[in-house]
Amino acid sequence: MRIEVLSTQWAYDGGVLAGGVHEIDKPSKKFLGQAASAESVGSIKVLASTEERATMRAAIEPDGESLKALEKAQANSTWHEGNLGDYIATKTALLKDAGDQLDEESRAQLEQGVEQAKAILKVMGKQNKKDYDAAVTEVLGG
Amino acid sequence: MASIVSADLVPFHAVNSATALDNDASTVGGAIDLLRRPDFTQVTAADTVEVISSSASDTQNCTIEARKADGTVVTETLALTGTTAKIFAGNGAIDRMLKVELASNAIGTITVRKSVAGATYRQIPIGERGFNAIFRKGASAVGSTVNYYVKFFWKNTNSTNALLTALVTESADPSATITHGLAASVNDSGTTTNRITAPGGVTFAGTAAAVPGTDLAATAAIGTWLNMTLSAGAAAIRSTYTSQLAGSTT
């Protein structure tokens with residue numbers, strides 16, 4: 001197979017390829033999977049045989065399959081745990097690093113949002129069966 | 001049913017963000033991509049990143065594209081190791097992340113953080129695939145102004161309640177280069193020819209923009225276009241931009 005590394009360098013499990021064109025003799029299944037991943041974000045271009053291309057295709061989950069997993073995670077509230085965790089992490093960092101660039105109202109809304117998210121996560125942590133809506137209702141007292 | 005909380009209002013990319021926003025030729029915009037987000041905390045300079053999951057089953061490949069302090073763009077693809085942190089150090093320290101993409105959906109909540117066990121840059125919730133920077137790999141021109149256009153969505157993920165009197169505002173634009181404008185209708189799939197061509201029917205401004213129809217219904221999303229203007233010969237920018245969706249709830 002032939003790989004053109006479009007960035008300055010592509011590192012993978014077990015090696016590094018500099019920018020430019022490389023001929024790879026007998027690539028392993030693991031290497032083909034990693035090449036597929038890098039190609040999917042436009043970091044490399046791959047010229048592969050039919051068999052190699054089939055292995056690469058199998059290594060990337062179609063978005064449609066991911067969406068099914070996402071819907072399931074949203075239905076059982078496990079997605080919400082990650083979403084809340086991300087909200088807390090990114091907004092706390094935003095307030096710390098760039099809070100002085102925000103207007104007063106935006107800053108207050110973010111601070112309130114972070115506290116709400118922490119409280120909802122705390123309630124979810126005590127639930128036997130995760131239920132995001134029930135946790136929100138408990139926190140907001142609705 | 002539960003009222004809307006701030007964390008229910010989530011920004012998502014439009015489709016093909018991982019590749020279309022890299023060049024001046026690809027179509028930009030389209031429908032919402034619920035698997036990839038445009039927001040994250042940027043690394044501090046000279047960082048090394050690591051990725052860890054709450055699930056041992058997360059062993060898929062993860063690709064991180066980044067820019068180093070000298071300006072070069074580097075990429076690394078590694079297989080994750082579940083609940084053991086995988087350190088992405090094959091390219092040395094990086095100055096900023098551009099893309100983080102999983103080869104398959106996150107089985108547990110995946111955390112991208114400073115190595116070792118440092119500050120969290122982003123958590124990828126179960127089912128999602130990653131995140132990438134919204135403006136990247138652009139450049140100013142010597143003798144003329146350059147405009148870049150990108151689209152993302154603000155989605156009301158609450159399953160029952162509308163966000164009332166919904167407004168999208170620019171909370172912070174420290175580089176003073178960005179204006180925004182909303183799509184003419186919710187849940188749209190409008191595109192533009194490429195990232196240097198203005199989308200039709202979108203008015204850009206720095207002022208708050210009302211969501212068409214006033215309220216953003218449960219599960220609805222509003223396409224939000226951004227316009228970054230680089231003046232002739234503008235210096236390099238390593239900056240942030242903060243958009244906010246707000247409204248009231250019952």
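Any read-out appearing in this document is the output of simple, stated calculations on the displayed coordinates, not a laboratory observation. What you see is a predicted model, and the numbers here were worked out from it, not measured in a lab. Counting neighbours? That spans all protein chains shown, and the Cβs are built from the backbone with ideal geometry, glycine included.
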| field | Residue-wise HN-Hα coupling along the range A:56-65, computed from phi with Karplus coefficients 6.51, -1.76, 1.60 (Hz; x: Gly, Pro) | value | 5, 4, 5, 7, 10, 6, x, 4, x, 5
| Three principal axis lengths of the range A:59-142 [C-alpha, angstrom, descending] | 43, 36, 17
| Counting only the backbone N, which residues of the range B:1-43 are under 13 Å from the spot 7 Å out from the Cα of residue B:194 toward its beta-carbon? | B:20-28
| task | Over the alpha-carbon set of the range B:49-132, divide Rg by the Kirkwood Rh and report the Rg/Rh ratio to two decimals. | result | 0.94
| remark: Note to self, chain A gives a 222 nm [θ] from helices alone (DSSP H runs n ≥ 4, -39500 (n - 2.57) apiece, / all residues, nearest 500) of -20000 deg cm²/dmol
| field | Point-to-point label distance, residue A:71-residue B:44, nm (Cα→Cβ direction, 7 Å offset) | value | 4.3 nm
| field | Nearest-ten-degree value, helix A:104-126 long axis tilted from longest Cα axis of chain A | value | 90 degrees
| task | Please report, in debye to the nearest 20, how large the charge dipole of chain B is about its Cα centre when each Lys and Arg carries +1 at its beta carbon and each Asp and Glu carries -1 there. | result | 240 debye
| said: Cut-off 14 Å, label point 7 angstrom out along Cα-to-Cβ of residue B:236: give me the residues of the range B:39-70 whose amide nitrogen falls inside. | reply: B:45-46, B:66-70
| Around residue A:55, with a cut-off of 12 angstrom between Cβ atoms, what is the net charge of the other residues, counting Lys and Arg +1 and Asp and Glu -1? | +2
| ³J(HN,Hα) across the range B:194-210 via Karplus (A = 6.51, B = -1.76, C = 1.60, θ = phi - 60°), whole Hz, x for Gly/Pro? | 6, 6, 10, 10, 5, x, x, x, 10, 9, 9, 7, x, 8, 4, 10, 7
| task | For each of A:88, A:60, count neighbouring Cβ atoms within 10 Å of the residue's Cβ, then give the residues from fewest to most. | result | A:60, A:88
| remark: The set of residues whose placed amide H lies less than 5 Å from the amide H of residue B:16, leaving out same-chain residues fewer than 5 positions away, is none
| query | So which lysines pass the test for residue A:72, namely a Cα distance under 16 Å, with those fewer than 8 places away in the same chain ruled out? | reply | A:129, A:130
| said: Suppose the Debye formula is applied to equal point scatterers at every Cα of the range A:4-124; what is log10 I(q)/I(0) at q = 0.14 Å⁻¹? | reply: -0.81
| remark: Non-local residues with an amide H under 5 Å from the amide H of residue B:191, with H modelled 1.01 Å from N and Pro and chain starts lacking one, are B:30
| field | In Hz, Karplus ³J(HN,Hα) per residue of the range B:212-221 (6.51, -1.76, 1.60; θ = phi - 60°; x = Gly, Pro) | value | x, x, 6, 9, 9, 4, 3, 6, 7, 9
| note | A correct fewest-to-most ranking of B:157, B:250 by other Cβ atoms within 10 Å would be B:250, B:157
| Helical contribution to [θ] at 222 nm, DSSP H n ≥ 4, -39,500 (n - 2.57), averaged over chain B, rounded to 500 | 0 deg cm²/dmol
| task | Apply the Debye scattering formula to the protein assembly as shown, with a single equal point scatterer on each alpha-carbon and no solvent, then give log10 I(q)/I(0) at q = 0.10, 0.12, 0.13 Å⁻¹. | result | -0.64, -0.94, -1.12
| query | About its Cα centre, what dipole magnitude does the range A:18-142 give when the only charges are +1 on Lys and Arg Cβ and -1 on Asp and Glu Cβ, stated in debye to the nearest 20? | reply | 580 debye
| task | Apply the Debye scattering formula to chain B, with a single equal point scatterer on each alpha-carbon and no solvent, then give log10 I(q)/I(0) at q = 0.09 Å⁻¹. | result | -0.40
| note | Final fewest-first order of B:113, A:53 on the 10 Å Cβ neighbour count is A:53, B:113
| Two-decimal ratio, the range B:144-250, of alpha-carbon radius of gyration to 2.2 N^0.38 Å | 1.13
| field | Amide proton proximity set for residue B:47, modelled H, under 5 Å, gap of 5+ | value | B:94
| remark: Over all viewing directions the Cα convex hull of the range A:2-58 casts an average projected area in nm² of 3.4 nm²
| request: Report the relative contact order of the range A:64-140, percent, no decimals, based on alpha-carbon pairs under 8 angstrom and at least 6 residues apart. | output: 32 percent
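Taking the convex hull of the alpha carbon atoms in the range B:202-250, what volume per residue do you get, in Å³?
116 Å³
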